[in-house]
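Worksheet for the structure shown next.
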Amino acid sequence: MECMMKLWILVFALLPVTVYADTEVIEKYKFYIVSASAANYLLTSLNLESPVRENGDIYHANTQYQLKTRFWWRKDNGLCRLAKTKTVLKLNYTLPKLNTKKRDVLAVWQQWYPHLYTHEKGHGSLAKQTAETIDKQLLAIKAHSKSASLKIKAQSIAQKEILKLKQSFKDYDLKTNHGETQGAWIYAYL
């Protein structure tokens, strides 16, 4: 019995230290109301009502993100190791919402809007992938002799990935011409 107990203690002592990662994604939607009496006024209404403006350009939708990572460490045998990570991703989508029962307007909207929505969700997917990448990279950090160096390494990983995400958003819009190649430009339906 005593031999069996020692064997179990040895088995548990040799098991790798488990690090726990927790990723939380919060998605919120903000809608602005668009009304048009006819399909040919839909673009004008979108341009007038859209709150999404950047460098003098008007966009009909937008995805913003806020990505924060926290981590906790513990000391084992004189080495600092990450014990837990928590990454919180907040996604805020700004999208138009149609307020009309005009058939010609509805017909255009039903063709166009799903493409716009898909484009914005593509931005959201990029942010979600980044949050997962941060967690994976944090979990892979090796033990450090000092907690300060562990903290610097973890912060560096998160900051590097957030900068990459910013560039990924730009590249995605450049590749799709802000959704045009995905059918997200209303001009194609008017």
Query raised in the report: Can you pull the percent of the stretch 20-128's accessible area that's carbon plus sulfur, 1.4 Å probe, other chains left in place?
Result: 48 percent
Report summary line: With every protein chain kept in place and a 1.4 Å probe, the residues Tyr93, Tyr65, Tyr29 fall, from largest accessible area down, as Tyr29, Tyr65, Tyr93
Report summary line: Read-out Rg and Dmax of the Cα atoms in Å, candidates (1) 18.9, 56; (2) 25.7, 85; (3) 24.3, 85; calculated match is (3)
Query raised in the report: Which distance in nm do the two modelled labels at Trp72 and Lys84 give, with both placed 7 Å along the Cα-to-Cβ direction?
Result: 0.3 nm
Report task. Putting +1 on Lys and Arg Cβ atoms and -1 on Asp and Glu Cβ atoms, find which of Gly56, Leu98, Val88 reaches farthest to the positive end of the dipole of the stretch 53-115. Result -> Val88
Report summary line: Given Cβ charges of +1 for Lys and Arg and -1 for Asp and Glu, the option among Ala148, Asn177, Leu190 whose Cα lies farthest towards the positive end of the dipole of the stretch 96-190 is Ala148
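At 0.36 nm per residue, and after removing the present C-alpha to C-alpha distance, how many nm does the segment from Asn177 to Lys121 gain when stretched out fully?
Details: separation 56, 0.36 × 56 = 20.16 nm, distance 1.54 nm.
That works out to 18.6 nm of additional length.
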Report task. Under a 10 Å cutoff between Cα atoms, tell me which one of His144, His119, His178 has the largest fluctuation in the Gaussian network model of the chain. Result -> His144
Requested in this report: Just tell me, in residue order, which DSSP H segments of the chain are both 15 angstrom or longer along the helix axis (alpha-carbon based) and at least 0.0 in mean Kyte-Doolittle hydropathy.
Outcome: 2-14
Query raised in the report: Residues with amide H under 5 Å of Cys80's amide H, sequence separation 5 or more or different chain, H placed in the peptide plane at 1.01 Å from N; which?
Result: His144, Ser145, Lys146
Query raised in the report: Considering the chain as a Gaussian network with a 10 Å cut-off on Cα pairs, which listed residue, Leu116, Leu163, Leu95, attains the greatest mean-square fluctuation?
Result: Leu163
Query raised in the report: How much length, in nm to one decimal, is gained on full extension between Asp104 and Gln159, taken as 0.36 nm per residue of separation minus their Cα-Cα distance?
Result: 15.0 nm
Report task. Could you size up the charge dipole of the chain around its Cα centre, putting +1 on the beta carbon of Lys and Arg and -1 on that of Asp and Glu, and report it in debye to the nearest 20? Result -> 780 debye
Report task. Enter the accessible area of Ile157 (Å², nearest 10), with the probe set to 1.4 Å and all protein chains included. Result -> 20 Å²
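The values are calculated or read from the model by the stated rules, or taken from the named source; none is laboratory data. The structure displayed is predicted, hence computed values, not measured ones. Quick reminder, even Gly has a Cβ in these numbers, built from the backbone with ideal geometry, and neighbours come from all protein chains shown. Surface areas here come from the heavy atoms of the whole protein model, side chains and all, with no ligands, DNA or RNA. Shrake-Rupley method; radii C 1.70, N 1.55, O 1.52, S 1.80 Å.
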